[in-house]
Amino acid sequence: MAKFIFITGGVVSSLGKGIASASIGALMESHGYRISMIKLDPYINVDPGTMSPFQHGEVYVTTDGAETDLDLGHYERFTNTKILRMNNATSGQIYYSVIQKEREGKYLGKTIQVVPHITDEIKQRITALTKKIDIVICEIGGTVGDIESLPFLEAIRQLYFEHNSDTVFVHLTLVPFIKAAGELKTKPTQHSVASLREIGIQPQILLCRTEKPLSPELKEKIALFCNVRRQAVIEAIDTPYIYEIPLIFHRQNLDKIILELIHLPSHPHPALGKWNNIVNILHNAQEKVCIGVVGKYIKLQDSYKSIYEALVHGGIANHCKVEFSRIDSEQIEKEGVENSLRNVDGVILPGGFGIRGVEGMISAIRYCRENKIPFFGICLGLQCAVIEFARNVCGLCNATSTEFSSDTTEPVICLLDEQKNITKMGGTMRLGAYPCIVEPGSIAYRAYKRKKISERHRHRWEFNMKYFNLMKQHGMKFVGLSPDRKLVEIIEIENHPFFVATQFHPEFQSKPFACHPLFAGFIKAAIHHRAKKQI
Ligand code: GLN
């Protein structure tokens, strides 16, 4: 029988509930348990795929082609569990399937209600994950007190009622430091726990986000007012490295406390060596590089979450600190490319949609190509690299993508065939993992060290094969193709230390202990570039 860990959040959003959940997952694995993780999102969208990155942050794509919440990226990075479509559910999906069943007459004349029909559907999504699993970790999105999350909270309350000693509730909350008073305040935590208790949930563990250490007296006070054991008031102090969080929790016995509460034995020596290793590297790396991240969603840190993490992994793989220079591509259009890219040792251009900011991206690419600065383009990054090369090397001055100009005379990037008749927007891009064949001798091959790879996609447009020969003659190298050779997946250019762009999103497969080979190669190239600059 599987056990359940339920994680809720209080006071404000953005406290790092996803990372806390992923860290708990890592700790459970370190004791030898098989885990599964699920994120339940209270919003009505069926998935985050149709939301603007400014609204939602990154859309994380699973191998089976689901567009999911970015917290699932943390789950995959922190743990060994496989994350698929079934590991994320939204209110939209839950209601959608209940309404579909109602239309099919499956409820035999009953009145369909939030309790029990919606809550049953939620419970079914959670319990579906228990096969061959010891512990299911379930994170509830949003903040306690939101109208939308009530059915989810009611569903986990019912699961607690049914499984009692096999469940534990962990609540993540904020203990703010009030400058004027010079004090940490517990009242928001008390209120948040009170709201949970009102709906029948008594958290047994509190993770308290805080800027400053919690004194024993403060922990005592939180424990008393929130009806939680003192040892179970865990300090979740701000740290510069998210990969330190499993260790911070472990030092406070969070793993043992959870396992006791769900009646599972703790391992006397949990396998945390790999976490200690990477944290050591992060703290002690001597070398440093600065990577320019040029994008259109720069203002929101979460928009390129997996990109930033994969770059950090590249740093770990090369024992090097990675700093970011976040550059809005529209700013390049205004301030000039040299001003914007002066101090960077490499440039990464992540995915995106629509024409805004594209000209700035194209000038950044030209600058990297001409000045031999390591360049890594991802999805839209590949498409812009093709446009730049077509315009400035092949002399096709009108070259662009039909995404930006539907009647262009030089459509070097055009719609994928399968996309031409699509009218519905949600979930209809080329999504999920597809195979690609890498050409021996290329930079990509040297990184992957194998020919057949599989990478995750999320796009509608592609390289237009009509320009294949022309661009090849001018020095563009098509070093990764789909097995039927109809789609371009990776490009490079001649005589450049590292100019690689991919139609797929390698960032989704990178882990702190196993950096994606292209990110490791890119950071290595940036280290070389920096060393050359300093000579
Ligand atoms: N807008 C481009 C497309 O749909 C690129 C997408 C992306 O960068 N993820 O093909």
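The values are calculated or read from the model by the stated rules, or taken from the named source; none is laboratory data. Everything numeric in this text was worked out from a predicted model, so none of it was measured. Cβ coordinates were reconstructed from backbone atoms using ideal geometry, including for glycine residues, and neighbour counts include every protein chain displayed. Remember, those area values only see protein heavy atoms, side chains included, never the ligands or the DNA or RNA. Shrake-Rupley method; radii C 1.70, N 1.55, O 1.52, S 1.80 Å.
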Legend entry - Farthest toward positive dipole pole in region 1-110 [+1 Lys/Arg, -1 Asp/Glu at C-beta], among Asn45, Val61, Tyr33: Tyr33
Inset, instruction - Give me the distance in nm between label points sitting 7 Å out from Cα along the Cα-to-Cβ direction at Lys420 and Ser215, one decimal. - result: 7.3
Legend entry - All lysines inside 17 Å of Lys123 as judged from Cα atoms, apart from same-chain residues fewer than 8 positions distant: Lys3, Lys39, Lys101, Lys131
Inset, instruction - Please work out how much accessible surface Ile44 shows to a 1.4 Å probe, ignoring ligands, DNA and RNA, in Å² rounded to 10. - result: 120
Legend entry - 17 Å Cα-Cα reach of Lys372 towards lysines, excluding residues that sit fewer than 8 places from it in its own chain: Lys477, Lys524, Lys532, Lys533
Legend entry - Ranked packing of 112-125, 133-146, most packed first, by mean Cβ within 10 Å: 133-146, 112-125
Inset, instruction - In debye, nearest 20, what is the charge dipole magnitude of the chain about its Cα centre with +1 on Lys and Arg Cβ and -1 on Asp and Glu Cβ, if you could check? - result: 960
Legend entry - Expected 222 nm ellipticity per residue - DSSP helices of 4 or more, -39500 (n - 2.57), all of the chain, to 500: -10500 deg cm²/dmol
Legend entry - Sulfur and carbon atoms: percent of accessible area, the chain [1.4 Å]: 52
Legend entry - Convex hull volume per residue in cubic angstrom - Cα atoms of region 259-388: 144
Legend entry - In Hz, Karplus ³J(HN,Hα) per residue of region 269-275 (6.51, -1.76, 1.60; θ = phi - 60°; x = Gly, Pro): 10, x, 7, 10, x, 5, 5
Inset, instruction - Quick one: what are the phi-derived ³J(HN,Hα) couplings along region 157-164, Karplus 6.51/-1.76/1.60 with θ = phi - 60°, whole Hz, x for glycine and proline? - result: 4, 5, 4, 4, 4, 7, 10, 5
Legend entry - 3J(HN,Hα) from dihedral phi, region 517-525, Karplus parametrisation 6.51/-1.76/1.60, rounded to Hz, x for glycine, proline: x, 5, 5, 4, x, 5, 5, 4, 5
Legend entry - Leu254 accessible area, assembled protein chains, probe 1.4 Å, Å²: 0
Inset, instruction - Sticking with the crude label model, points 7 Å out along Cα→Cβ, report the distance from Ile99 to Thr408 in nm, one decimal please. - result: 3.8
Inset, instruction - Would you mind working out the accessible area per residue for the chain, using a 1.4 Å probe, and quoting it in Å²? - result: 43
Inset, instruction - Count the DSSP beta bridges whose two residues both fall in the chain, then state the antiparallel fraction as a percent rounded to the nearest 5. - result: 35
Legend entry - Charge dipole (debye, nearest 20) of region 423-535; +1 at Cβ of Lys and Arg, -1 at Cβ of Asp and Glu: 140
Inset, instruction - Enter the mean projected area of the convex hull around the alpha-carbon atoms of region 4-80, in nm², rounded to one decimal. - result: 5.8
Inset, instruction - First check a/c for region 328-482, with a ≥ b ≥ c the square roots of the eigenvalues of its C-alpha gyration tensor; if it is under 1.5, answer rounded, and if not, answer prolate when a/b is larger than b/c or oblate otherwise. - result: rounded
Inset, instruction - Answer rounded, prolate or oblate for the chain, using the Cα gyration tensor with square roots of eigenvalues a ≥ b ≥ c: rounded when a/c is under 1.5, else prolate when a/b is larger than b/c, else oblate. - result: prolate
Inset, instruction - Quick one: which residues, 5+ away or cross-chain, put their amide H under 5 Å from the amide H of Ile493? H built at 1.01 Å from N. - result: Lys477, Phe499
Legend entry - Anisotropy class of region 39-99 from Cα gyration tensor, a/c 1.5 cut: oblate
Legend entry - Neighbourhood net charge (13 Å Cβ-Cβ; Lys/Arg +1, Asp/Glu -1) for Ile237: 0
Legend entry - Under 5 Å, built H, 5+ apart or other chain: amide partners of Val412: Thr400
Legend entry - Förster radius 25 Å - calculated FRET efficiency between Ile178 and Arg326 (Cβ-Cβ, nearest 0.05): 0.25
Inset, instruction - Please report, in debye to the nearest 20, how large the charge dipole of region 1-86 is about its Cα centre when each Lys and Arg carries +1 at its beta carbon and each Asp and Glu carries -1 there. - result: 340
Legend entry - Heavy-atom accessible area ranking, 1.4 Å probe, most first, across Glu455, Glu102, Glu29, Glu183: Glu183, Glu102, Glu29, Glu455
Legend entry - Förster radius 22 Å - calculated FRET efficiency between Phe225 and Ser13, Cβ distance, rounded to 0.05: 0.45
